[in-house]
Structures are given as C-alpha cells and as structure tokens.
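Trainee: Here it is, the structure, as structure tokens.
The values are calculated or read from the model by the stated rules, or taken from the named source; none is laboratory data. Note that the coordinates shown come from a computational prediction; the quantities given were computed from them, not determined experimentally. Cβ coordinates were reconstructed from backbone atoms using ideal geometry, including for glycine residues, and neighbour counts include every protein chain displayed. Side chains included, ligands, DNA and RNA excluded: accessible areas come from the protein's heavy atoms. Shrake-Rupley method; radii C 1.70, N 1.55, O 1.52, S 1.80 Å.
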Amino acid sequence: MTIRVLLADDQALIRAGFRMIIDSEPGFEVVAEATDGREALGLARTSRADVILMDIRMPHMDGLEATRRIGADDDLAGVRVLVLTTFENDDNVVLALQAGASGFLGKSVEPADLLHAIRVVAGGEALLSPRATRALVGRFLDHLRPVSPPAPALDELTEREREVLVLVAHGLSNNDIAGRIHVSPLTAKTHVNRAMTKLGVRDRAQLVVIAYQCGLVRPGDALPEA
C-alpha cells in the first residue's frame, strides 16, 4: 500500500525538499501541501492522507492548534501527525504530543530517517526516537503545570499495565518490553493498548506525557531493573 503524506509548512523550500525525498521513494506519495494549520486541517479531511508532517509556527492557525483539532476529530482518527521542529528550543513539542501528535522530527532530519519515521507512524506506532524524546519530554514537562490523569483515573490500570506504561515512557518498543517482562510481543502490545484505552489516549506518545505528568517517571530516572 502507498503511504499518503500531507506536508504542512509555510516555507515553500522546505515543502519542496520533503516532497522530493518522499515522492522519490517507492510506496510513498505526497498527496497535498498546506501553507498553514487551517489549510492543513481542511486537507486532512479531503486528501485521505495517512501522515501529516506538521510545522508548528505557521500563520492563521499554527500547527499546534491544527494538531489538536485533528486529534479531536473522530473522522480523522486514522491520521497521524509528525511535528516538525528544532529540537533544542521548541517548547511546544510536548503540547503537540498532548494534542495527539505521534512524535516529532527535526527539520534537518536525514532522508532515510524521515522515510523511516513516516513508515513507523503510518503503521500505527508512535515515533519517539526513544532516548532523545524522553530527554526532551522530561525537560519540558518539568516546567509545565502538573495535571490530573485523564478519566478513567490512573489507578484503574493494573499493576502490569503501570509497569508497561513506565517502560513505554523510557522509550522501549513492544519487543523490548516483551523481553523485559517475559511475555510475547503481542501480549506486550495488548498491555500498551489497554493502557491507552483506559487513559483515553490514542497514541503511545501521549502515554509518555501522562507518565511524566503523573509522576510515574521523572527526568533523570534510570530504566527500572528487569
């Protein structure tokens, strides 16, 4: 199947560069381009894109608000958003993850890494670039006001689901989690999916945010012993 991509960035040169990379790869196709968040939101509904590469700073409606609206629209439940950012100084990354983004990429991303990221999120997994994302999320969440976990409450998770949530927050894949808790990858995935359902999120990227916000994981924490 061809992975359909929507590019949302107000800089034509950046869109052109990404289009050239994506369209040159078999199995990928850029189906639309947007110059602001409002246009991206509309094209998300009409272009049947699988993945949106979303810049944050755009006129009229920024990428953060567009991501939030896409995440809240049941008709767009199958659309995944990858936020484009400069890792070191974009405080909105965590807010984008909370809004429903599946992860983020730096605008200087290597072509192979860009294609890999699109492929991963199109397949339903969050791209968390595990260690880099964990460090970034932890640093920014340390400065955000704590929030209560979404309903149903965090205490509805089983002990195993809490354990898996912590491992997800440390950036482990389903295969990694399976190896640590001695279950099959399918069982690990089931635990992750149940945690997402109980916490009312649609993406493991949001699980990472919740784990930090609720204090299950703190910046600088070591990976729990197996």
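Trainee: Could you go through the range 56-63 and let me know if any residue there is part of a helix (DSSP H, G or I), modelled with pLDDT under 95 and more than 18 Å from residue 117 (Cα to Cα).
Mentor: So far as the range 56-63 goes, yes, one or more of its residues are part of a helix (DSSP H, G or I), modelled with pLDDT under 95 and more than 18 Å from residue 117 (Cα to Cα).
Trainee: Let me spell it out: the conditions are (1) in a helix (DSSP H, G or I); (2) free of Cβ contacts under 8 Å to residues at least 12 places away in the same chain, and residue 26 meets all of them except one. Which number is the exception?
Mentor: For residue 26, the exception is condition (1).
Trainee: Now for a separate question. Quick one: is residue 88 at pLDDT below 85 and either surrounded by 22 or more Cβ atoms within 10 Å (Cβ to Cβ) or part of a loop (DSSP other than H, G, I, E, B) (or both)?
Mentor: no
Conditions (1) buried (at least 24 other Cβ atoms within 10 Å of the Cβ); (2) touching a residue at least 24 places away in the same chain (Cβ under 8 Å); (3) touching a Cys at 6+ places or on another chain (Cβ under 7 Å); (4) within 25 Å of residue 1 (Cα to Cα), marked per residue:
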position: 32; (1), (2), (3), (4): no, yes, no, yes
position: 43; (1), (2), (3), (4): no, yes, no, yes
position: 69; (1), (2), (3), (4): no, yes, no, no
position: 76; (1), (2), (3), (4): no, yes, no, yes
position: 106; (1), (2), (3), (4): no, no, no, no
position: 114; (1), (2), (3), (4): no, yes, no, yes
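Trainee: Another question, then. If you go through the range 9-30, how many residues are farther than 21 Å from residue 64 by Cβ, open to solvent by 40 Å² or more (accessible area, probe 1.4 Å) and under 22 Å from the mean Cα position of the chain (by Cα)?
Mentor: Of the residues in the range 9-30, 2 are farther than 21 Å from residue 64 by Cβ, open to solvent by 40 Å² or more (accessible area, probe 1.4 Å) and under 22 Å from the mean Cα position of the chain (by Cα).
Listed here are the residues, each with its yes/no results for (1) assigned to a helix (DSSP H, G or I); (2) of a type in the set (D, E, K, R); (3) modelled with pLDDT under 85; (4) touching a strand residue (DSSP E or B) at 6+ places or on another chain (Cβ under 7 Å).
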site: 179; (1), (2), (3), (4): yes, no, no, no
site: 183; (1), (2), (3), (4): no, no, no, no
site: 189; (1), (2), (3), (4): yes, yes, no, no
site: 195; (1), (2), (3), (4): yes, no, no, no
site: 201; (1), (2), (3), (4): no, no, yes, no
site: 208; (1), (2), (3), (4): yes, no, yes, no
site: 216; (1), (2), (3), (4): no, no, yes, no
site: 220; (1), (2), (3), (4): no, no, yes, no
site: 226; (1), (2), (3), (4): no, no, yes, no
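Trainee: Filter the range 1-26 for residues that are closer than 14 Å to residue 108 by Cα and of a type in the set (Lys, Arg) and give the result.
Mentor: 15
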